[in-house]
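Engineer: Mind having a look at this structure? Questions to follow.
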């Protein structure tokens, strides 16, 4: 219950000695340290507490009644008050049962439950008085004596003031249950505070390490956060600026306007003492109410420099294609059907979605489709969406107008959509697009027009869009990471490219082509050796990196073969390649029909997949339907159609 990391530090400021002994006994063995100050008078308690904080740095301070409240008003460390329980009262009064008829019980700030139950149990009348101040206690004590009380009971203050009433004062000491309750509360508070401190430390580290300038305000437009980058940009120290109105620190800020409107202002150009800044202002909303604003700042020329660096490293592969559909080497029936389908798709301008694992040749298909279509003479603009930082993605895709920010080209800049006019735009890794850009892409697909960043002019664009992803885009959409409406717009003409492990007969064919292309011209290609044991070894590998991995292995083999003359290719291959089995690779081959098109092959795959899952899960149709994401009735129909059920097995 208590063990969750480093021991907590506790301090006990005890008005009387017995409390310290009980506390020390109870916490022994618990993950905490306990510092004790005994016999502390009420007026001494705050000073003692401050000494403890300076010397012991406690997570929690314990004390009792008015002493705890007095300490709490003077320190910023949590103070846990040790309660008085009905058990404590019963234990204190029990020796007086049958000896006194009426007592007065004084309790600080609140009534104690079950006092009358104690009264009935012991046969002693108990008048309970609640007090908040010393003066109020004096008044109650005089009243209690007038009403016939024979004893007074309460905390240490009641005992020390017995001269006021002239009655004997009995101390109600904390028992084990009260200590247990206080310790449990202390651990709970200390644990929550530790988690919060860790969270704040992580957040502070993030804010201090980012190069972007960040400030935040509260609902009164008072600055509550300034990170080091913002200190440098604004020329202020955080300790001097925090607590001031944002308008007195940030030139031309609009945080007050965002507080009033509750509407974000994004990519706004702000003049800060002659420096042009790209600013985002976002309201902080709690329960529908705007309670502050967070602002981020970037110098416009810094964004421009990043953009210029990006242009040197971005994988924009030019405006011409290198490959045609005929360059896709295959003997696999499924791949041949895909090539034929791609040729049919090329004759249209509809959007194509290529799905497949990394390295399966999605861009090869994209270039082949472009080359086979009626836009072959137009540009082919290939963009890797995952390679562009989110802060630059919008201006790269849509371009920007002159004067959009400092350092922008005088005539503005065309984005990739404009560059692909009359041609094809290939968006690789489209599933990585952030949601705001997805919304703008959807509009382009619907309206075939764009607006540059910083502009108001609508620019028509005429291009064909081909997208590719190595994700399961339907599942990515269901998880909320991809817009559903955009998914339907992209998935007009889908092409699913199978991984290399599902086209085993293509492996030797592709490997031979890659090896021949990389061997020296005077190196004889060993046909018999290659298409024998080597081809069998290559077919036995799952190739998680697909064609790209196979090409790399063959290039490595060609280099090694050229510098190790006289050695067999098999021996060289064993030196340069150690196949690693793909995690989760299927351990059953699904036979495909020797004749028929893609539809027949799909049904064969579906039939064998259902059979395999039924075997694996003991013919449990409910479980298999859940795994496949279909209804039990749909699964039953498929079983009956294909004879997969127990009644239809051969």
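Engineer: Mind checking which residues of the stretch 92-116 are touching a helix residue (DSSP H, G or I) at 6+ places or on another chain (Cβ under 9 Å) and either assigned to a loop (DSSP other than H, G, I, E, B) or exposed (fewer than 12 other Cβ atoms within 10 Å of the Cβ) (or both)?
Structural biologist: Once the filter is applied, which keeps residues that are touching a helix residue (DSSP H, G or I) at 6+ places or on another chain (Cβ under 9 Å) and either assigned to a loop (DSSP other than H, G, I, E, B) or exposed (fewer than 12 other Cβ atoms within 10 Å of the Cβ) (or both), the stretch 92-116 yields 97, 98, 100, 109, 112, 113, 114.
Engineer: Got at least one residue in the stretch 558-577 being under 20 Å from residue 332 (Cα atoms), free of Cβ contacts under 8 Å to residues at least 60 places away in the same chain and not assigned by TED's automatic domain parsing to the domain that holds residue 360? First the steps, then the outcome.
Structural biologist: Of the residues in the stretch 558-577, the ones under 20 Å from residue 332 (Cα atoms) are none.
No; the residues of the stretch 558-577 include none that is under 20 Å from residue 332 (Cα atoms), free of Cβ contacts under 8 Å to residues at least 60 places away in the same chain and not assigned by TED's automatic domain parsing to the domain that holds residue 360.
Engineer: Test of understanding: among 251, 228, which residue is farther than 18 Å from residue 210 by Cβ and in the same structural domain as residue 285 (by TED's automatic domain parsing)? Walk me through it before giving the result.
Structural biologist: On the way: 228 fails: farther than 18 Å from residue 210 by Cβ.
Unique residue meeting the criteria: 251.
Engineer: Please determine whether any residue of the stretch 407-426 is farther than 30 Å from residue 339 by Cβ, buried (at least 21 other Cβ atoms within 10 Å of the Cβ) and either free of Cβ contacts under 8 Å to residues at least 24 places away in the same chain or more than 32 Å from the chain's Cα centre (by Cα) (or both).
Structural biologist: Yes: one or more hits.
Engineer: Could I ask something else about it? Restricting to the stretch 519-556, count the residues that are in contact (Cβ under 8 Å) with a residue 24 or more places away in the chain and part of a loop (DSSP other than H, G, I, E, B).
Structural biologist: Summing the residues that are in contact (Cβ under 8 Å) with a residue 24 or more places away in the chain and part of a loop (DSSP other than H, G, I, E, B) in the stretch 519-556 gives 10.
Engineer: For residue 359, indicate whether it is assigned by TED's automatic domain parsing to the domain that holds residue 381 and closer than 20 Å to residue 383 by Cβ. Before you say what the answer is, go through the steps one by one.
Structural biologist: Values: assigned by TED's automatic domain parsing to the domain that holds residue 381: yes; closer than 20 Å to residue 383 by Cβ: yes.
When the stated conditions are applied, residue 359 passes them.
Engineer: If you don't mind, there's one more thing I want to ask. Mind listing just one residue for me: the one in the stretch 122-137 that is touching a helix residue (DSSP H, G or I) at 6+ places or on another chain (Cβ under 7 Å) and over 16 Å from residue 170 (Cα atoms) and, of those, surrounded by the fewest Cβ atoms within 10 Å (Cβ to Cβ)?
Structural biologist: 122
Engineer: To continue, here is another question. Counting just the residues of the stretch 287-299 that are out of contact with any helix residue (DSSP H, G or I) (no Cβ under 8 Å at 6 or more places or on another chain) and surrounded by fewer than 19 Cβ atoms within 10 Å (Cβ to Cβ), which one comes out nearest to residue 437 (Cα to Cα)?
Structural biologist: Of the residues in the stretch 287-299, the ones out of contact with any helix residue (DSSP H, G or I) (no Cβ under 8 Å at 6 or more places or on another chain) are 287-289, 291, 294, 296.
Next cut, surrounded by fewer than 19 Cβ atoms within 10 Å (Cβ to Cβ) only: 287-289, 291, 294.
Working: 287: 28, 288: 26, 289: 27, 291: 28, 294: 22 Å.
So, considering only residues that are out of contact with any helix residue (DSSP H, G or I) (no Cβ under 8 Å at 6 or more places or on another chain) and surrounded by fewer than 19 Cβ atoms within 10 Å (Cβ to Cβ), the one nearest to residue 437 (Cα to Cα) is 294.
Engineer: Go through 284, 215, 277, 206 for me and flag whichever is modelled with pLDDT under 90, assigned to a strand (DSSP E or B) and either under 26 Å from residue 437 (Cα atoms) or not assigned by TED's automatic domain parsing to the domain that holds residue 455 (or both).
Structural biologist: Details: 284 fails: modelled with pLDDT under 90; 215 fails: modelled with pLDDT under 90; 206 fails: assigned to a strand (DSSP E or B).
277 is the lone residue from the list that is modelled with pLDDT under 90, assigned to a strand (DSSP E or B) and either under 26 Å from residue 437 (Cα atoms) or not assigned by TED's automatic domain parsing to the domain that holds residue 455 (or both).
Engineer: If you don't mind, there's one more thing I want to ask. Within the stretch 558-574, how many residues are under 18 Å from residue 532 (Cα atoms) and assigned to a helix (DSSP H, G or I)? First the steps, then the outcome.
Structural biologist: The initial filter retains those residues of the stretch 558-574 that are under 18 Å from residue 532 (Cα atoms), namely 558, 561, 567-574.
This time we only want the ones that are assigned to a helix (DSSP H, G or I), so: 558, 561, 569-574.
The total comes to 8.
Engineer: List the helices (runs of 4 or more DSSP H) that sit entirely inside the stretch 432-518 and contain at least 1 residues that are touching a residue at least 24 places away in the same chain (Cβ under 8 Å) and more than 30 Å from residue 557 (Cα to Cα). Don't jump to the end; show me each part of the working.
Structural biologist: Details: elements: 435-447, 473-478, 484-490, 506-518.
Answer list for the stretch 432-518: 435-447, 473-478, 484-490.
Engineer: Another question, if that's okay. Quick one: count up the residues across the stretch 26-74 that are outside any helix (DSSP H, G or I) and under 26 Å from residue 161 (Cβ atoms). Steps first, answer last, please.
Structural biologist: Step one: filter the stretch 26-74 for residues outside any helix (DSSP H, G or I), giving 28-41, 57-64, 73-74.
Narrowing the set further to residues that are under 26 Å from residue 161 (Cβ atoms) leaves 36-41, 61-64, 73-74.
The number of residues fulfilling the criteria is 12.
Engineer: Of all residues in the stretch 618-649, which are modelled with pLDDT under 70 and part of a loop (DSSP other than H, G, I, E, B)?
Structural biologist: Result: 618, 643, 644, 645, 646, 647, 648, 649.
Engineer: Of all residues in the stretch 467-497, count the ones that are over 25 Å from the mean Cα position of the chain (by Cα), closer than 22 Å to residue 545 by Cβ and surrounded by fewer than 18 Cβ atoms within 10 Å (Cβ to Cβ).
Structural biologist: Result for the stretch 467-497: 1.
The values are calculated or read from the model by the stated rules, or taken from the named source; none is laboratory data. Everything numeric in this text was worked out from a predicted model, so none of it was measured. Cβ: placed from backbone, ideal geometry, glycine included. Neighbour counts: every protein chain shown.
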